[in-house]
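What follows is a single structure, written as structure tokens, with notes after it.
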Amino acid sequence: MPNFDSPTLLCDEALRDPYPIYRRMREKGPVYHDHLADAWCILDFDLVRDVLQDSNGFSSHHLADRAEPVLGARVLAQMTGAEHDEKKAVTMRGIAATAMDGYYLPAIERVVKSLWEEIGTTRRTELVCDLASPFATEVTSALLGIDAQWRRKILPWNRSVVEFITLLQQTPDERSRRLADAGYFRAFSLNLIESRRRSPRHDLVSYLAERGSSAGLTDDEIVALALNIFLAASEPLDKTLSYLVHETLRTPTLYEAVTSDSGNIPQMLTETLRLHPPVQIIPRITVGSQDIAGTKIPDGSTVYCMIGAANRDPSKFSDPDKFILARRENSVRKAFSPSADHLAFGSGLHFCIGAMLARRQLETAFQASLPYLAGWQLSKDALVEHGLYTRGPTELVLEKRK
């Protein structure tokens, strides 16, 4: 990839570390037109939130090309009005019935402890591979009701769905392979729905198979929703748990704060989500000509809500690139609601329906991990990060303390 005089998202540097790119874009104004990506990048916190909250002026029509081909049907982010409200309500009731009780969280704790016990037999571990990814797969599969023997089988299919939706550049052959994998995943999910309808269990697919039709959900929409939940839940869990461990081990005062007082764990998670949002870009399409901070953007244009840039907006956050546990501008009280001071879960009509679930999952997993962290330290150059649309650690290497 050649070097470009103007900052662009379509460069290798952006995949390695997009934050210098964001700063260079911001120097040119709060709204930056990336000519190579053919997208308007919105960088300031308040402007990003305004765009996300304006579903009339900025639509999710891009998902018809970016997500619907692999998911097989429209998802909640493409819906508005009564249809959106009814289908969102039944999904949230299903999540509440499945995951907000005394069955699911203890299961998460058991998974995490089991993974740490395995890791404890070694002197060195790559935590993304050995803990974070298996954790995310196990707990998301348990939520949906995917049996253990199928979990490894579906991972490459899910990876293809994620890549189809999130990669900004793909060859025709790559698109074809990912579409084929998505077809296998949809067929598997449809069979799962039919099986759970015959023999319901305590899982989200069973709930939707039994009650989704009353809210107008077709089987294809339940499949699309299940695939969407799998990628939307597992990807952030993997990335955020890795970042929680990294921030804790690299700063002794943070480790002391969370081990001496578990009441600091929600704030730890809140600041991690601000500093390291797993979803960096939320696209929108303009409906009619729009004016953002004095910049005229034509009808039908692609607008990128730059979550990673907004969450480090210096006009919103002091020392925005620094992890500050007791950060006043990032209230834990609001952090998992639509009024959050960060944008890791989006904002507006399509605020992430799994925000509270993610909080419970990650707080449980992190708290279960703390007793084990005392025996580990970061290796030299422990953290390797990658990605732009979604971003997180690809490696996090720990060594046993001597």
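The values are calculated or read from the model by the stated rules, or taken from the named source; none is laboratory data. All values derive from a computational prediction rather than experimental measurement. So basically every Cβ, Gly included, is an ideal-geometry build from the backbone, and we count neighbours across all protein chains shown.
For this structure, a couple of remarks:
- Applying the criterion of being among the polar types (S, T, N, Q) and assigned to a loop (DSSP other than H, G, I, E, B) to the residues of the stretch 338-390, the residue that is nearest to the chain's Cα centre (by Cα) is Ser347.
- Test: residue in the stretch 312-333 that is among the aliphatic types (A, V, I, L, M), touching a residue at least 12 places away in the same chain (Cβ under 8 Å), under 30 Å from Thr98 (Cα atoms) and in a loop (DSSP other than H, G, I, E, B): yes
- Restricting attention to the stretch 78-125, the residues being touching a Gly at 6+ places or on another chain (Cβ under 9 Å) and over 23 Å from Thr140 (Cα atoms) number 3.
- Checking each residue of the stretch 52-60 against the condition of being hydrophobic (A, V, I, L, M, F, W, C), in contact with a helix residue (DSSP H, G or I) (Cβ under 9 Å, 6 or more places away or on another chain), assigned to a helix (DSSP H, G or I) and modelled with pLDDT of 95 or more gives at least one match.
- Restricted to the stretch 73-132, and to residues there that are touching a helix residue (DSSP H, G or I) at 6+ places or on another chain (Cβ under 6 Å) and assigned to a loop (DSSP other than H, G, I, E, B), the residue that is surrounded by the fewest Cβ atoms within 10 Å (Cβ to Cβ) is Ala73.
- Total residues in the stretch 69-122, condition in contact with a Lys or Arg (Cβ under 7 Å, 6 or more places away or on another chain), closer than 30 Å to Thr302 by Cβ and in contact (Cβ under 8 Å) with a residue 24 or more places away in the chain: 3
- Filtering the stretch 362-399 to residues that are closer than 17 Å to Leu269 by Cα and in contact with a Gly (Cβ under 9 Å, 6 or more places away or on another chain) leaves only Arg391.
- Some residue of the stretch 268-275 being surrounded by 20 or more Cβ atoms within 10 Å (Cβ to Cβ) and more than 16 Å from the chain's Cα centre (by Cα): yes
- Residues of the stretch 384-402 that are closer than 15 Å to Arg124 by Cβ and touching a residue at least 24 places away in the same chain (Cβ under 8 Å): Glu395, Leu396, Val397, Leu398, Glu399, Lys400, Arg401.
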